[in-house]
Structure formats: C-alpha cells, structure tokens
Amino acid sequence: MKLRQLKYFVTVAEELHFGRAAQRLHISQPPLSLSIQQLEQHLGFALFIRNNKNVALTDAGSLFYQEAIMLLKHAEDMKQMCEQVASGILGQLRVGFSSSTLFSSLNQYITNFQIQYPQINIILKEMNSLEQIQAVKLEQINLGFVHLYHQDPQLEQQLFLSEDFVCCLPKNHPFSQQEKIDLKQLQNENFILFPRPIAPHYHDQITSICINAGFSPKLTHEVRNWLTIIQCVEIGLGFAIVPKSMQILGKGHLCFIPIENNQIRSDTYCIWNKNMTSIVLNNFINNLNFAE
C-alpha cells in the first residue's frame with residue numbers, strides 16, 4: 001500500500017465520481033480505477049459500491065477514509081519536520097561550557113542563535129575541560145568550550161577567546177585604586193580558587209601567575225565555581241585571579257585590576273568532533289567569530 005494509492009482513494013471518496021477525481025488529480029481515469037482496484041485487492045475488501053449511476057463508500061470504506069486522512073496528514077507533517085531537520089531549522093544543540101565561559105561573548109552568540117533558529121532546542125551542560133573533551137569524543141555533546149588545548153585526531157578546535165587574567169579585590173581594599181597591581185603585595189592575603197581536580201590545567205595557570213610574581217599563594221578557600229569565588233572576594237575572604245570577562249559580575253562592590261608583568265592569558269577553545277555530521281552544529285560554528 002502506497003501513499004499515492006491513499007491519496008487517490010481519498011480523492012475518489014470525496015468526489016464519489018471517478019471522472020471528477022481523475023481531473024482533480026490531473027491523471028486519466030483508467031490508471032485511477034486500476035489503482036483503486038489494486039488497493040482493494042491488497043486490503044481484501046471493497047472500498048466502494050459501484051454501478052452505472054453511482055459510486056458510494058462501503059462501511060469499511062468510510063472507516064478507511066477517516067484513517068487515510070489522518071495517515072496522509074501524519075505523512076505530510078513528518079515530511080515537513082524532516083525537511084526542517086535536514087535544513088537545520090529544527091533540532092537540538094548540546095553545548096558544553098565551563099562557568100567562566102558563559103560570562104564571555106558566548107552568552108550573546110547563544111542568544112543570537114536562538115533568535116535566528118527559534119526551533120532549535122539548545123541544551124547547556126556545565127563541565128570542566130576534561131569532561132567536555134570526553135563528552136565531545138563520545139558525541140554526548142555537539143561542541144564544547146574548554147581552557148585546554150588538546151591535540152586529538154578526533155577533535156577539531158579553534159581559539160574562541162583569549163583574554164587577560166585580572167586581580168579581583170573588594171572595592172574597599174587598600175590596593176583597589178591602583179591602575180596595575182604587583183601580586184607580591186598580596187602574598188600574605190588569602191587566595192580563593194577552585195580545587196585542582198576540577199580543572200587541573202586552568203588551576204595551574206592561575207597559581208603560576210602568583211609563582212611568577214615571586215610567591216606561592218596562600219590557598220585558604222576552595223570553591224567550585226567562579227560565581228562563588230566572586231562572592232567570597234566581595235565579602236572580604238581574600239583575593240582571586242579571574243578572566244577579564246568576569247568583570248560583568250562586579251556589581252559595583254568589586255574592582256578588577258590588571259596584573260603587572262603577567263604574560264599568561266586565559267584561552268578558550270571551541271572543540272567539536274570531526275566525525276559528527278550536524279547541520280545545526282555547522283550553522284552554530286559558522287556564526288562564531290574565532291580569535292586570530
């Protein structure tokens with residue numbers, strides 16, 4: 001049983017006249033009659049009562065007509081849905097990110113993409129860099145934004161953002177008015193950072209900034225995300241070294257000061273699986289402006 005046969009049947013059922021049905025379908029009457037006969041043979045029961053004057057639906061034909069209407073509508077809906085998926089208009093995008101990345105320009109890219117493709121369901125998954133790399137390789141997420149350059153033949157990666165680290169202090173701190181800060185001035189103060197297992201490479205980068213300044217940081221408080229780090233600084237528990245984009249969380253109660261003689265930068269890479277074929281993914285990547 002073919003969809004074309006169902007369409008022919010529905011047209012005859014609505015016209016109750018083979019000649020008019022054939023005209024409506026833009027075909028001649030003999031192939032239409034043959035198609036209905038083949039459909040009845042396939043089903044094993046009559047759909048129409050025919051005589052020289054009239055064509056009428058049988059009881060089985062009336063029920064079959066109702067079901068055929070729904071089936072044809074479902075087939076058309078399915079076709080349109082698949083066309084939208086094939087063109088990247090409909091679908092989902094699973095994005096991995098670390099907490100700091102969401103405060104960068106990534107936030108605006110996601111917003112703009114959602115406006116451009118409102119039928120794409122964007123699913124955000126907060127993970128550290130190593131978790132994202134594994135999830136991309138296993139195709140559990142479509143792409144990730146990581147702070148670790150990771151050479152892998154399975155992965156494609158582009159530098160998305162490169163920014164300075166800055167020192168975060170409370171607004172009432174004695175050094176808050178300095179244009180730049182020598183971190184050694186803070187060597188005796190509490191340092192706030194996330195535990196190393198959460199993001200080893202990123203953790204080592206940040207602590208290296210202090211070591212390069214001539215001291216080992218007094219890591220007193222360990223918290224699990226940037227927002228909590230910022231809040232701990234705000235209530236005076238210590239200082240932190242954060243990516244410059246975190247300034248958005250200052251809210252007037254914090255200051256963010258450039259660090260003297262620091263060459264270490266916060267780099268964010270966009271990664272995706274080379275073997276993953278997804279028009280939605282390609283559309284999102286094409287909308288990104290990668291760093292030079």
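The values are calculated or read from the model by the stated rules, or taken from the named source; none is laboratory data. Predicted model only: the values in this text are computed from it and were never measured. With ideal geometry, Cβ positions are generated from the backbone for all residues, glycine too; neighbour counts draw on all protein chains shown. Accessible surface is based on the protein model in full, side chains and every heavy atom, while ligands, DNA and RNA are left aside. Shrake-Rupley method; radii C 1.70, N 1.55, O 1.52, S 1.80 Å.
General remarks:
- Test: residue in region 69-88 that is open to solvent by less than 80 Å² (accessible area, probe 1.4 Å), touching a Ser or Thr at 6+ places or on another chain (Cβ under 8 Å) and modelled with pLDDT of 90 or more: no
- Residues (among the hydrophobic types (A, V, I, L, M, F, W, C), more than 16 Å from residue 133 (Cβ to Cβ) and either in a helix (DSSP H, G or I) or in contact with a helix residue (DSSP H, G or I) (Cβ under 9 Å, 6 or more places away or on another chain) (or both)) located in region 258-292: 259, 264, 279, 280, 281, 284, 285, 288
- Candidates in region 13-50 are the residues that are over 20 Å from residue 70 (Cα atoms) and part of a strand (DSSP E or B); of these, the one that is modelled with the highest pLDDT is 49.
- Here residue 91 passes the criteria (1) open to solvent by less than 40 Å² (accessible area, probe 1.4 Å); (2) at negative phi except the one numbered (2).
Yes/no per residue for (1) on the phi > 0 side of the Ramachandran plot; (2) open to solvent by 70 Å² or more (accessible area, probe 1.4 Å); (3) in contact (Cβ under 8 Å) with a residue 24 or more places away in the chain:
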| residue | (1), (2), (3) |
| --- | --- |
| 126 | no, yes, yes |
| 131 | no, yes, yes |
| 134 | no, yes, no |
| 145 | no, no, yes |
| 165 | no, no, yes |
| 168 | no, no, yes |
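- Among the residues here, residue 53 does not qualify as among the charged types (D, E, K, R) and either surrounded by 14 or more Cβ atoms within 10 Å (Cβ to Cβ) or outside any loop (DSSP other than H, G, I, E, B) (or both).
- Under the condition of being in contact with a Pro (Cβ under 9 Å, 6 or more places away or on another chain) and open to solvent by 20 Å² or more (accessible area, probe 1.4 Å), the residues counted in region 253-264 number 1.
- First in region 1-12 and at pLDDT below 90, second anywhere and surrounded by fewer than 17 Cβ atoms within 10 Å (Cβ to Cβ), Cβ under 8 Å, 6 or more apart: 1/42; 1/43
- Filtering region 86-109 to residues that are in contact (Cβ under 8 Å) with a residue 40 or more places away in the chain and either assigned to a helix (DSSP H, G or I) or not polar (S, T, N, Q) (or both) leaves 86, 88, 91, 93, 94, 95, 96, 97, 101, 103, 106, 109.
- Residue among 140, 116 that is open to solvent by 80 Å² or more (accessible area, probe 1.4 Å), modelled with pLDDT of 95 or more and polar (S, T, N, Q): 140
- Region 210-228, residues that are out of contact with any Pro (no Cβ under 9 Å at 6 or more places or on another chain) and either of a type in the set (Asp, Glu) or in contact (Cβ under 8 Å) with a residue 40 or more places away in the chain (or both): 212, 213, 225, 227
- The lone exception for residue 187 - which of (1) open to solvent by 30 Å² or more (accessible area, probe 1.4 Å); (2) touching a helix residue (DSSP H, G or I) at 6+ places or on another chain (Cβ under 6 Å) it fails: (2)
- Among the residues of region 197-252, those identified as part of a loop (DSSP other than H, G, I, E, B) and open to solvent by less than 80 Å² (accessible area, probe 1.4 Å) are 199, 213, 214, 215, 217, 223, 225, 236, 237, 238, 250, 252.
- Residue count for region 242-278, restricted to those that are in contact with a Ser or Thr (Cβ under 7 Å, 6 or more places away or on another chain) and of a type outside the set (D, E, K, R): 6
- Qualifying residue in region 62-69 (condition: of a type in the set (S, T, N, Q) and closer than 30 Å to residue 116 by Cβ): no
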